[in-house]
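Written out below as structure tokens is the structure these notes cover.
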Amino acid sequence: MRNQLGDRSNKSANRPFSDVLSRYCSRRDVLRGGLQSAAAVFFVSSPVLSLAARKPGAKARPGLMDFTPLPVAGGGGKTPRIAPDYRMQVLIPWGEPINPSSGPAFAWPPNAADQEKQVGIGHDGMWFFPLEGSERGLLVLNHEYGTSRHILGRDPQSLDDVRVSQHAHGITIVEVVNGDGRWQHVDSRYARRIHVNTPVEFSGPAADSPLLTNPAGNPFAGTLNNCSNGHTPWGTYLTCEENIHFYFGGTGFTPNARQERYGLSARWTSFHGWSRFDPRFDLTNPGYVNESNRFGWVVEIDPMAPSAPPVKRTALGRFRHEGCAIAVGRDDRIVGYMGDDEQFEYIYKFVSDRSWKALRDEGSSPLDHGRLYAAKFNDDGTGEWLELTIDDPRLAAEFADQAEVLTFARRAADIVGATPMDRPEWTAVSPDGHVYCSLTNNARRNDADAANPLAPNPHGHIIRWRDDDHHVGTRFEWEIFLIAAETHGTEESLSSPDGLWADPDGRLFIQTDGSGQADGLNDQMLVADTESGEVKRLFEGVPGCEVTGIAVTPDRRTMFINVQHPGNGDPAETSFPLEFDGKTIPRDATIAIMRKDGGIVGS
Ligand code: FEO
Ligand code: CA
Ligand code: CA
């Protein structure tokens, strides 16, 4: 999702680093300097930042990422570019039938009945689930959002129009086959669309809470603004609900404090126009007072069980979830690292109580039994995971039970004193135990702190940490991995890091989402060596798009990524993927990336 507008939702006083700043450099020094000097002042002054991963001039380990990078020169064009050692192929644009031989062909504008049999819009997080090794599998992908002006050519004028938009959101599952180096989308018994009106279930501590029931008695349905993702060792997909506030509205609506904390406000009177025609999304309709509490969760989907409903896992908390990178921790406990994407929001982690294998053997979900924490980054490079539990007297003073704590996890994290970050986007877990989080940017930051060292922070940074006790401990050590603003004017130029994936060899894939990439570039994907910090550009998207979503085949010879909202729907900006499919409306699409010599992607 593009850089966010609007008021900050976090008005808590969690500013634990003001005193850090005054210890290491005077506030006057930081505010007086420009962006670069603010960073420099903080870096020079802080022992923490001497840990920053990048050593000047350091080069990647030999053999790790030897590819010739895509240069800055020639960037900013209307079609995608890829590094010269690579080739690419466009797949499954918005509107293609999920079963290509039998589904309705793309026609613009779509109708609601066709759209629910077609690939959605706003391609985002995704994963590849193998059916036959690296040659055949299911691509499961999120559809974060598309505006009705792009989908329909107008704001919604009826409930039918709203249904088209709702069916374009959600999840797509399609089957793809590699035939002699060229991927094909094929008919499949697994092909499936999940959208805003698909029946869903709730599970975990908040599942039976009255906070999730409505006077209207409407059943649980739908998932929306599906941003980034995760996947579990037991073969399921996790989709994460992010900007839920865009979909709710209502004339004359006045939010209560908890609604305001989640960004529900008259200001966003249904950005997508749904509340005018669908009472579920009308915040002033007394029949649906708790409908907004049903969104903002991590949702589990079993791609191999086409009739199984998606399940919202409430133990992982409710906020504007970006993604959920999974690690298997000590004693086979399952750990999920999650960002909450808004300025001054928090980083969270979930830890299952016991081994995921034991829990599944007992017929329980490992994602229903565990603890939720929010991160506090200390000035000295250490950090603490603060548990969000009703057993904490500070939380018991405000919340009735654990269900309420989880449903309003943002507020619980305010109370325990988590660290407000610069828009936490994706998380990624490296096999060496490091966890990475992209902090995409924060134009509103006035006070720099050790973990968010730029005030303001227009281009973002990437932080990494390592938890005690193999992911399950409550203490960690952290460092800044990359400051995006430092690399402008060089071949490593990038801004607004967002999508991340750490591969088993020590590469970090970095995707960007910033309308102002430096040096005239469109949004892009780069590869970094996690030891030396060297960065090389692999792919550049098209004007107006963001590059997001990463999935790989098990042999890592193919990587799938997405071009989201090309040209923001404006054909004058780009006609992508016209060059590939002859259609004239810019359409979100997946791109398969392969080395020309068949090697591992990133090498
Ligand atoms: Fe959906 Fe924060 O990007
Ligand atoms: Ca973003
Ligand atoms: Ca994102």
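Here are a few things to note about the model shown:
- For region 517-559, the spread of Cα coordinates along the three principal axes comes to 33, 25, 12 Å, biggest extent given first.
- Beta bridge orientation in the chain: antiparallel %, DSSP, nearest 5: 95
- For Val552, nonlocal amide neighbours, meaning residues 5 or more places apart or on other chains whose placed amide H falls under 5 Å from its own, are Phe128, Phe560.
- Eigenvalues of the alpha-carbon gyration tensor of region 529-603, scaled by 5 and square-rooted, set the equivalent ellipsoid semi-axes at 27, 15, 10 angstrom, largest first.
- Measuring how big region 284-417 is from its alpha-carbon positions, Rg and Dmax come out at 15.8, 50 Å.
- The share of accessible area on the chain that comes from carbon and sulfur is 50 percent, using a 1.4 angstrom probe.
- Distant alpha-carbon pairs in region 455-590 (separation over 20 angstrom), percent: 52
- The chain: relative contact order as a whole-number percent, Cα under 8 Å and 6+ apart: 17
- Diffusion coefficient, µm² s⁻¹, Stokes-Einstein with Kirkwood Rh over alpha-carbon pairs of region 322-385 at 10 °C and 1.306 mPa s: 125
- In a simple Cβ point-charge model (Lys, Arg +1; Asp, Glu -1; nothing else charged), the chain has a dipole of about 680 debye relative to its Cα centre.
- Hz values of 3J(HN,Hα) by residue in region 295-310 - Karplus curve (6.51, -1.76, 1.60), Gly and Pro given as x: 10, x, 10, 8, 10, 9, 10, 9, x, 8, 10, x, 9, 6, x, x
- Added length on full extension, which subtracts the Cα-Cα distance from 0.36 nm per residue, Asp392 to Lys596: 67.8 nm
- Whole-Hz ³J(HN,Hα) from phi, Karplus 6.51 cos²θ - 1.76 cosθ + 1.60, for region 439-451, glycine and proline x: 10, 6, 3, 6, 5, 9, 6, 9, 10, 6, 9, 4, 8
- Gyration tensor verdict on region 401-534 (Cα atoms; rounded if a/c is under 1.5, prolate if a/b is larger than b/c, oblate otherwise): oblate
- Zero-based 10 Å bins, Cα pair distances in region 345-426, whole percents: 17, 42, 31, 10, 0
- Per-selection Rg to Rh, region 127-224 - Cα, Kirkwood hydrodynamic radius: 1.09
- Karplus-derived 3J(HN,Hα) values for region 100-110, using 6.51 cos²θ - 1.76 cosθ + 1.60 with θ = phi - 60°, are x, 7, 10, x, x, 5, 5, 9, 9, x, x Hz; glycine and proline are entered as x.
- Here region 244-297 is treated as an ellipsoid with the same Cα gyration tensor; its semi-axes, largest first and in whole Å, are 14, 12, 11.
- Of the residues Leu526, Met1, Trp465, the one whose Cα sits farthest toward the positive end of the charge dipole of the chain, with +1 on the Cβ of Lys and Arg and -1 on the Cβ of Asp and Glu, is Met1.
- 22 Å Cα-Cα threshold exceeded, pairs from Lys11/Lys312; Lys78/Lys117; Lys312/Lys357; Lys59/Lys536; Lys349/Lys376; Lys376/Lys536: Lys11/Lys312; Lys78/Lys117; Lys376/Lys536
- Distance in nm between pseudo-label sites at Asp187 and Glu531 (7 Å out along the Cβ direction from Cα): 5.1
- Reciprocal mean inverse distance between Cα atoms of the chain - Kirkwood radius, Å: 24.0
- Dipole of region 95-207 [Lys/Arg +1, Asp/Glu -1 at C-beta], most positive-end residue of Ala105, Leu152, Val174: Leu152
- For the chain, the mean residue ellipticity at 222 nm estimated from helices alone is -3000 deg cm²/dmol, where every DSSP H run of n ≥ 4 contributes -39500 (n - 2.57) and the total is divided by all residues, rounded to the nearest 500.
- Debye, to nearest 20: dipole size of region 539-603, +1 on Lys, Arg Cβ, -1 on Asp, Glu Cβ: 300
- Gyration tensor verdict on region 289-329 (Cα atoms; rounded if a/c is under 1.5, prolate if a/b is larger than b/c, oblate otherwise): oblate
- Between Leu131 and Asp447, the simple label model (points 7 Å from Cα in the Cβ direction) yields a spacing of 5.5 nm.
- A straight chain from Ser158 to Arg475 at 0.36 nm per residue would run longer than the Cα-Cα distance by 108.9 nm.
- Averaged per residue, the chain has 33 square angstrom of accessible surface, using a 1.4 angstrom probe with ligands and nucleic acids left out.
- Between Asp66 and Ser102, full extension at 0.36 nm per residue minus the direct alpha carbon distance yields a gain of 8.6 nm.
- Cα lying deepest toward the dipole's positive end in the chain, options Gly336, Leu131, Ile510, charges on Cβ: Ile510
The values are calculated or read from the model by the stated rules, or taken from the named source; none is laboratory data. Since the model is a prediction, treat every value here as computed from it, not as a measurement. Glycine also receives a Cβ, built like all others from the backbone with ideal geometry; neighbour counts cover every protein chain displayed. Only protein heavy atoms, including side chains, enter the accessible area calculation; ligands, DNA and RNA are left aside. Shrake-Rupley method; radii C 1.70, N 1.55, O 1.52, S 1.80 Å.
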